Amino acid sequence: MSARDSRPGSAGGEDIPGPHHGGPDDEYSRERLATMSREQLDRLGASYDDVEVLHVEPGPEPGSRLERRAVRQVGLVFGLAGLFAFLFAVVYLGSGWFLPEWSWTQHTGTWSALFTPMLGACMGLSLIFVGLGFVLFTKKLLPHETAVQDKHDGSHFDRVTSGATLTAGYHNSGLGRRKLLTRSLLFMGGGLGLMLILPLGGLIKNPNKGNPLGTTPWGRGVRLVRDDGTPIRPGDAQPGSLQTVFPAVPGGNRASDAATMLFRLRPEQVAVNQPRPGQENFGYADYVAYSKICTHAGCPVSLYEQETSRILCPCHQSQFLITQGAKPVFGPATRPLPQLPITVDNEGYFIARSDYIEAVGPTYWNRERI
């Protein structure tokens, strides 16, 4: 198409027509367009824009009982959409503040069971009412028009008349005078925006805050207890034995990273025992404690061959040599099992001297940084 194409709606290329332009920009100057009303510009633009209106069904009469009833219905639906969106925010932000604390690992109370379903119900109902509100708004309040238009690029004439058409659409929507609808839309938009933004906090939150992957419930002075909560003294186990122990803290026996194996070495094992450098005093007498979480894929290491001094992971057959600081000697694991420093308290029960000095479980990309 030439830049001097004179057909209505041509791209033209100039806001100020040249001597050979000859289109509607010549016939309707800027000054003349400025004197025309919105309705006139709308009709003029349609005629020059190859628009054929096939059918027009006007909306309800302004101020009529039918219009007022439709406005109340649509406003109510939009209001309910905003209400459920704000209820989502109340449940999300209120948990642990002015509502009960939600937890999926420590508690199984009513609030914890209802927290996620309530969030889903509030968000789902809000979005349902949004869709229902727009459907009612379109069907009950907007004029219905069926038109056919050929698509083309626009000149200044097209831009002015198209702007008038858009303005006419806003005018026909009645939002300027239907204040209830405007307020309900603003209320709904605020609630939806808040509802959609809040969950993003979990995506931008630093997951390493407080070093959750590098710490466990173990700590200085925490007793080693069996699954039933009973503490352990050095004389409670036979040489060559293994027992699984947990930290004596609330929920310690359910913490995924706290399970620890307490070994009592046999005399011949003690004679050849070679702790890892810097961990020579992590054991107590002939006792040593290692994490039960395999460093390959996080499976529970639960098999022990005291004749070979090997700890075995049943998932992928990794083997760790207990007399060499639980270093891997077979299988896919590449790191030793972390060792828990232990001693006894004034009552003669085993306690931890500190938490693990390294993160337990499988390797991850930023392990060395935390």
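At a glance:
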{"item": "Selection within the stretch 133-142 - over 13 Å from residue 184 (Cβ atoms) and in a helix (DSSP H, G or I)", "result": "135, 138, 139, 140"}
{"item": "Residue in the stretch 291-301 that is in contact with a Cys (Cβ under 9 Å, 6 or more places away or on another chain) and in a strand (DSSP E or B) present", "result": "yes"}
{"item": "Residue tally, condition of a type in the set (A, V, I, L, M, F, W, C) and in contact (Cβ under 8 Å) with a residue 60 or more places away in the chain, over the stretch 230-246", "result": "3"}
{"item": "Failed criterion for residue 145 (all others in (1) at pLDDT 80 or above; (2) part of a strand (DSSP E or B) hold)", "result": "(1)"}
{"item": "Residue in the stretch 74-97 that is out of contact with any Phe, Trp or Tyr (no Cβ under 9 Å at 6 or more places or on another chain), in a loop (DSSP other than H, G, I, E, B), open to solvent by less than 80 Å² (accessible area, probe 1.4 Å) and at pLDDT 85 or above present", "result": "no"}
{"item": "Conditions (1) among the β-branched types (Val, Ile, Thr); (2) closer than 21 Å to residue 353 by Cβ; (3) open to solvent by 20 Å² or more (accessible area, probe 1.4 Å); number of the one not met by residue 272", "result": "(2)"}
{"item": "Options 343, 323, 308: the member that is modelled with pLDDT of 90 or more, of a type in the set (Ser, Thr, Tyr) and exposed (fewer than 14 other Cβ atoms within 10 Å of the Cβ)", "result": "308"}
{"item": "Qualifying residue in the stretch 338-353 (condition: touching a helix residue (DSSP H, G or I) at 6+ places or on another chain (Cβ under 9 Å) and part of a strand (DSSP E or B))", "result": "yes"}
{"item": "Looking only at the stretch 56-70, and only at residues there that are open to solvent by 20 Å² or more (accessible area, probe 1.4 Å) and aliphatic (A, V, I, L, M), the one that is nearest to residue 140 (Cα to Cα)", "result": "66"}
{"item": "Where a residue in the stretch 263-278 is over 19 Å from residue 340 (Cα atoms) and of a type in the set (A, V, I, L, M) and its partner, wherever it lies, is surrounded by 14 or more Cβ atoms within 10 Å (Cβ to Cβ) and modelled with pLDDT of 95 or more, with Cβ under 6 Å and at least six apart", "result": "none"}
{"item": "Candidates 186, 192 - the one that is surrounded by 15 or more Cβ atoms within 10 Å (Cβ to Cβ), within 27 Å of the chain's Cα centre (by Cα) and modelled with pLDDT under 90", "result": "192"}
{"item": "Hits in the stretch 25-55 (condition: in a helix (DSSP H, G or I), among the acidic types (Asp, Glu) and either closer than 21 Å to residue 143 by Cβ or open to solvent by less than 80 Å² (accessible area, probe 1.4 Å) (or both))", "result": "25, 26, 39, 42"}
{"item": "Positions within the stretch 212-262 being more than 36 Å from the chain's Cα centre (by Cα), hydrophobic (A, V, I, L, M, F, W, C) and part of a loop (DSSP other than H, G, I, E, B), in sequence order", "result": "232, 237"}
{"item": "Meets criteria (under 35 Å from the mean Cα position of the chain (by Cα) and in a helix (DSSP H, G or I)) for residue 71", "result": "no"}
{"item": "Matching residues in the stretch 326-337 - criterion: being open to solvent by less than 20 Å² (accessible area, probe 1.4 Å) and over 11 Å from residue 288 (Cα atoms)", "result": "333, 337"}
{"item": "The stretch 227-259, subset of a type outside the set (A, V, I, L, M, F, W, C), open to solvent by less than 70 Å² (accessible area, probe 1.4 Å) and in contact with a Ser or Thr (Cβ under 8 Å, 6 or more places away or on another chain), residue nearest to residue 348 (Cα to Cα)", "result": "247"}
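The values are calculated or read from the model by the stated rules, or taken from the named source; none is laboratory data. On a predicted model such as this, the values are computed, not experimentally measured, just so you know. Every residue, glycine as well, gets a Cβ built from its backbone with ideal geometry; the counts of neighbours run over all protein chains shown. These accessible areas exclude ligands, DNA and RNA; they are computed on the full protein's heavy atoms, side chains included. Shrake-Rupley method; radii C 1.70, N 1.55, O 1.52, S 1.80 Å.
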